[in-house]
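Notes follow once the structure below has been shown.
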Amino acid sequence: MRSAVFYGRHDLRVEEAPMPEVGPNDVLIQVKACGVCGTDVHIYEGDKGSAAVTPPTILGHEFSGVITEVGENVSSYKVGDRVSVDPNCYCGACEPCRNGVAHFCENMIGYGTTKDGAFAEYCAVDQRQVYLLGENTTFEQGAMTEPVACCLHGVDLCNIQPGHQVVVIGGGMIGLLMVQLVKLAGAAKVALLEPVEGKREVGMKLGADVCIDPIHQDVKAELKKAGLTWVNSVIECVGRPSTIEQAIDVAGNKAIVMMFGLTKPDETVAVKPYDVFAKELELKASYINPYTQKRALDLIDTGRLDVSSMIYEVCGLDKLEDVLSKPELRANGKYIIDPSK
């Protein structure tokens, strides 16, 4: 089968790979759509994502497809089922798993990180990780389930209440999902900080009350003008020290600052502890997607969440390395890989 195999920093090869072995508890999925994630970019650049990757490995963890084979112990799914996958498979036996924080599993399998993923024509996964797609959900939308699930966990940790004011920093795919989710959570006013005009336009269409260019506008003055006088939560979706520092700066008293964007492992942030003290801020982070996959699927299938507006292009495996290596391409929006192209 055609696969995009990661051999190390800046070394991704589209080549023939053996068909995955299907264990007794596994299903074999013909991949129809797999999203290119910021974590994939970090891995391609030689950095650690949410899990360490040992080459050679087939990357790709945001995916959907059709079941073409089931293991002998699988009874809940059948050949022909349209499904999406939660790529993070917990052991259920270690101390974190037995104490309700399974996303810190000490023996986690990560499809697309610790185990071959879905930048390939086929991927075999444990049946526990499979979720049926709703009848209204396309394969491209189904591939967006995992990032939505991650965003849901981050929003949950922000404790947003009806009437709150929220600032989202970064209008990429994650930021645009966050804008919608905080509105669904009850936020009365939502501001999006994004330097790219096209992304600000999409942000307004998806529910932002004000979109601000942080490069050419006075952010605090624009927030005040838009009525965001007490920002309860700031969700940083860029993963840069400068934007994390900005998040702390624009947060209001008693606010939660969610550092959602993934930074490089060795990056540091200049924080003035007095500013955190004076505003009694809570600095939080969000790690992967515990127990949120089904909620994400339901939001997509019911049309409550738009996951299509931020998709820029569906392309084949041959373009994957260009997307991973060129920020100017990723700036256009979300790329989805269809291995059959």
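When you count, for each residue, the other Cβ atoms within 10 Å and take the mean per peptide, how do 169-177, 30-38, 215-223 rank with the highest first?
169-177, 30-38, 215-223
Over its Cα atoms, what ratio of radius of gyration to 2.2 N^0.38 Å does the range 203-318 give?
1.26
Once you have the Cα-Cα distance between residue 218 and residue 204, take 0.36 nm times their residue separation minus that, and quote the gain in nm to one decimal.
3.2 nm
Of all the C-alpha pairs in the range 140-232, what % are more than 19 Å from each other?
Counting every Cα pair in the range 140-232, those more than 19 Å apart make up 37 percent.
Between residue 302 and residue 276, with labels modelled 7 Å along Cα→Cβ, what's the label distance in nm to one decimal, could you check?
3.7 nm
Under 14 Å Cα-Cα from residue 284, which aspartates and glutamates qualify once same-chain neighbours fewer than 8 residues away are excluded?
Reachable aspartates and glutamates: 156, 236, 245.
Sorted from largest down, give the three principal axis spans of the alpha carbons of the range 58-147, whole angstrom values.
37, 27, 25
At 222 nm, what helix-only mean residue ellipticity would the chain give, in deg cm²/dmol to the nearest 500, using -39500 (n - 2.57) for each DSSP H run of four or more?
-7500 deg cm²/dmol
P(r) tail for the range 133-289, what percent of Cα pairs lie past 18 Å?
56 percent
Residue 230 label point, 7 Å along Cα→Cβ, cut-off 17 Å on backbone N: hits in the range 151-183?
Label zone hits: 159-167.
Could you work out how far helix 145-158 tilts from the main Cα principal axis of the chain, as a 0 to 90 degree angle to the nearest 10?
Here the helix axis deviates by roughly 30 degrees.
Taking Cα pairs under 8 Å and at least six residues apart, what relative contact order does the chain come out at, in percent?
19 percent
Just to be sure I understand: if I project the alpha-carbon convex hull of the range 3-92 onto a plane and average over all orientations, what area do I get in nm²?
That works out to 6.5 nm².
Please give the peptides 206-212, 23-29, 187-193, 156-162 ranked by average Cβ packing (other Cβ atoms within 10 Å per residue), highest first, as a rough proxy for protection.
Ranking the peptides 206-212, 23-29, 187-193, 156-162 by packing returns 187-193, 206-212, 23-29, 156-162.
So what is the relative contact order of the range 151-285, in percent, for Cα pairs below 8 Å that sit 6 or more residues apart?
Over the range 151-285, the number comes to 22 percent.
Taking the Cα centroid of the range 137-156 and of the range 1-31, what is the distance between the two, rounded to the nearest whole Å?
So the separation of the two Cα centres works out to 23 Å.
Cα axis of helix 173-184 to longest principal axis of the chain: angle in degrees, 0 to 90, nearest 10?
Roughly 70 degrees, rounded to the nearest 10.
Relative contact order of the range 76-166: what whole-number percent is it, with Cα pairs under 8 angstrom and at least 6 residues apart?
Relative CO of the range 76-166 lands at 30 percent.
Stokes-Einstein diffusion coefficient for the chain at 10 °C in a medium of 1.306 mPa s, Rh from the Kirkwood formula over Cα pairs: what value in µm²/s?
77 µm²/s
Could you give the angle, 0 to 90 degrees to the nearest 10, between helix 241-250's Cα long axis and the longest principal axis of the Cα atoms of the chain?
40 degrees
Bear in mind these aren't lab numbers, they're just calculated from the coordinates by the rules spelled out. Quantities reported herein were computed from a predicted structural model and do not represent experimental measurements. Glycine gets a Cβ as well: all are built from the backbone with ideal geometry, and neighbour counts include every protein chain shown.
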